[in-house]
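What follows is a single structure, written as structure tokens, with notes after it.
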There are 2 protein chains.
Amino acid sequence: MEVISTQTNGSAITMNYSHHNGNSDHRNGGTTAHDNGRKLLGNSNSIKPGWFSEFSVLWPGEAFSLKIENLLFQGKSDYQDVMLFESATYGKVLTLDGAIQHTENGGFPYTEMIVHLPLGSIPKPKKFFVVEKIDIIEIDDVVVDVSRKFFPYLSANFNDPRVTLVLGDGAAFVKAAQAGYYDAIIVDSSDPIGPAKDLFERPFFEAVAKALRPGGVVCTQAESIWLHMHIIKQIIANCRQVFKGSVNYAWTTVPTYPTGVIGYMLCSTEGPEVDFKNPVNAIDKLDETHVNSKLGPLKFYNTDIHKAAFILPSFAKNLIES
Amino acid sequence: MEVISTQTNGSAITMNYSHHNGNSDHRNGGTTAHDNGRKLLGNSNSIKPGWFSEFSVLWPGEAFSLKIENLLFQGKSDYQDVMLFESATYGKVLTLDGAIQHTENGGFPYTEMIVHLPLGSIPKPKKFFVVEKIDIIEIDDVVVDVSRKFFPYLSANFNDPRVTLVLGDGAAFVKAAQAGYYDAIIVDSSDPIGPAKDLFERPFFEAVAKALRPGGVVCTQAESIWLHMHIIKQIIANCRQVFKGSVNYAWTTVPTYPTGVIGYMLCSTEGPEVDFKNPVNAIDKLDETHVNSKLGPLKFYNTDIHKAAFILPSFAKNLIES
């Protein structure tokens, strides 16, 4: 089996482009995500000196804040502001352009679900348990360096002989991929404003569908039902036009993401049927040979959680299925 | 059927005692919930002038903030600071002692789940659909007045002829109740610090069990798996000693509560078996005769969401079942 993943092992980083959280957040009284990153300590825009506050045009009028116990890294890559600090409750926290991407103690639901929802649904356990090839495409080398240093459990797989780490543009990589080459593509994208917007639109989905084998699967980050139902409806409309196998919306809880939840689009190409809602691989019951055994057992994902991820509250179900 | 509820129709208010969020939050650098409530506009402890920030000893080092579009009410009752404001994303917001209790656009998951998880599980639909008697016990008359004025969809039932609204101490009311009198008790409590602490401990659970009929059910607010697993484990240990029917933990998402999730304990007394995980009443499929029809259809709860509420991530499942 071959898998293309923007970050198989974790943080919400790949296909991040600079300024994706916007530089002109007038709705937040002129506060910008960049300002938070640059002038953080003692910044009058953060909740108080020594705290990080997450403002964005994507969630105007609300902000989540964390006290910085210890600032570990702060810098500007070619693409974005990168900051890493130690928090009290969630351990190490990685932010890009002022938006929380991964936390040590609270990021694992996102990580485990974006990988195992699609891979648990492919009916070829032998090829899945012994993955032959994974391409990881990450645009920002600073993100790779920071992950290696501070999130060893995320970056351990960078050195796996089956993994090829490509520093480059994930969208261009997918577009250039051989038709029908991949079994699975995982799009661990940032939010759909700025350049990353393309990753939520039809031409990108068409490139993904082309790169997948018949009955291949894609999992993309698909925002919160509380904040962005209009974006979700648009993604679903695009996916229904492009993916002729099945199109599904799933969600999970992440304590440090806005509104506490995040969604995923799970789609398959025409070919062998993929029933995402009833996983064929009981990943949580795997023995020592499990590919993740080096990293310890899964903390969030299990087969029941997989099935429950597709169950939606009535208001979201009505909007999504209409 | 007879039901005792601290607030059948909604906000997380009853059995709130004054100062439940603590007056000496030294871990937050001396900020107190009370300070937030009193000196809100322009307060240096809020995220910025005109914003509300939710600090608590129960979630030190993190805070959720909302921009106040319009301050509608601010006052001090005999028991607590009461504030009501209009927010951009979540509509009207009610806070008690600086902690968010209910929001107009984001509070319904909590409300619907705390009522329908227990009541959907009782195998007497006829008596359930036509509830004969509901006692609501609320300690704070200011909370009742504010709810009547600003949350008509929550307080409509105060005038229902089947409802008796008692202004008083819920714990004392339960203790004094006739043994075996109630089919269901819903404890819509605040957090377990200060006087409300008693509502999470064994003597209160014993009073609840005594007030319930054989096979009667209780649903209590039971905190977040991300923040308070040690509290949850203690509640479960107490419930296992007191409730001889069944003891279950369920959870749901609420976008404006810390970490985005909240839990419930669902227990039954010895008697006719109650299988909470497989509801006997398909409340979401009810026709016009449904008790809630006056208030419109349920927005969050449905039978599948009910079942999914009992499915836990692996780390929580391991801790709760051990």
Q.
Kindly evaluate A:V82 against the criterion of being surrounded by fewer than 24 Cβ atoms within 10 Å (Cβ to Cβ) and in contact (Cβ under 8 Å) with a residue 12 or more places away in the chain.
A. yes
Q: Just give me the residues in segment B:88-99 being at pLDDT 90 or above and surrounded by fewer than 24 Cβ atoms within 10 Å (Cβ to Cβ), in sequence order.
A: B:Y90, B:G91, B:K92
(Q) Cβ contacts < 6 Å: first residue over 21 Å from B:M83 (Cα atoms) and at pLDDT 85 or above, restricted to segment B:103-114; second residue aliphatic (A, V, I, L, M) and assigned to a loop (DSSP other than H, G, I, E, B), any location; separation 6+ or different chain. Result? (A) B:P109/B:V254; B:E112/B:L298
(Q) Among (1) touching a helix residue (DSSP H, G or I) at 6+ places or on another chain (Cβ under 9 Å); (2) modelled with pLDDT of 90 or more; (3) not hydrophobic (A, V, I, L, M, F, W, C), there is one condition B:N281 misses while meeting the rest; what is its number? (A) (2)
Q) Hey, among the residues in segment B:243-258 that are within 11 Å of B:S268 (Cβ to Cβ) and outside any strand (DSSP E or B), which one's nearest to the chain's Cα centre (by Cα)? A) B:F243
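Just one of B:E69, B:E54 is surrounded by fewer than 23 Cβ atoms within 10 Å (Cβ to Cβ), more than 30 Å from B:F173 (Cα to Cα) and at pLDDT 90 or above; which is it? Explain how you work it out, then say what you get.
Working: B:E54 fails: surrounded by fewer than 23 Cβ atoms within 10 Å (Cβ to Cβ).
B:E69 is the lone residue from the list that is surrounded by fewer than 23 Cβ atoms within 10 Å (Cβ to Cβ), more than 30 Å from B:F173 (Cα to Cα) and at pLDDT 90 or above.
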Q | Residue that is surrounded by the most Cβ atoms within 10 Å (Cβ to Cβ) [pool: residues in segment A:200-218 that are of a type in the set (A, V, I, L, M) and part of a helix (DSSP H, G or I)] | A | A:V208
Q) For segment A:167-198, which residues satisfy the criterion of being of a type in the set (S, T, N, Q) and loosely packed, with under 15 Cβ neighbours inside 10 Å? A) A:Q178
(Q) For the structure I just gave you, tell me whether B:G215 is in contact with a Ser or Thr (Cβ under 9 Å, 6 or more places away or on another chain), on the phi > 0 side of the Ramachandran plot and more than 14 Å from chain A (Cβ to nearest Cβ). (A) yes
Q. Would you pick out the residues in segment B:86-117 that are away from chain A (no Cβ under 12 Å) and either in contact with a Leu (Cβ under 7 Å, 6 or more places away or on another chain) or acidic (D, E) (or both)?
A. B:K92, B:L94, B:D97, B:Q101, B:H102, B:E104, B:L117
Q) Looking at this structure, is B:S147 touching a helix residue (DSSP H, G or I) at 6+ places or on another chain (Cβ under 7 Å), among the small types (G, A, S) and either within 12 Å of another protein chain (Cβ to nearest Cβ) or farther than 24 Å from B:F300 by Cβ (or both)? A) no
Q: Check segment A:49-68 and report whether any residue there is more than 10 Å from chain B (Cβ to nearest Cβ), out of contact with any His (no Cβ under 8 Å at 6 or more places or on another chain) and over 24 Å from A:V261 (Cβ atoms).
A: no
Q) Within segment A:271-287, is even one residue more than 30 Å from B:T303 (Cβ to Cβ), surrounded by 15 or more Cβ atoms within 10 Å (Cβ to Cβ) and among the hydrophobic types (A, V, I, L, M, F, W, C)? A) yes
Q. Does any residue of segment B:225-239 turn out to be among the aliphatic types (A, V, I, L, M), within 14 Å of another protein chain (Cβ to nearest Cβ), part of a helix (DSSP H, G or I) and closer than 26 Å to B:V57 by Cβ?
A. yes
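The values are calculated or read from the model by the stated rules, or taken from the named source; none is laboratory data. Just so it is clear, the model here is predicted, and its values are computed rather than measured. All Cβ positions, glycine included, derive from the backbone under ideal geometry; neighbour counts span all protein chains shown.
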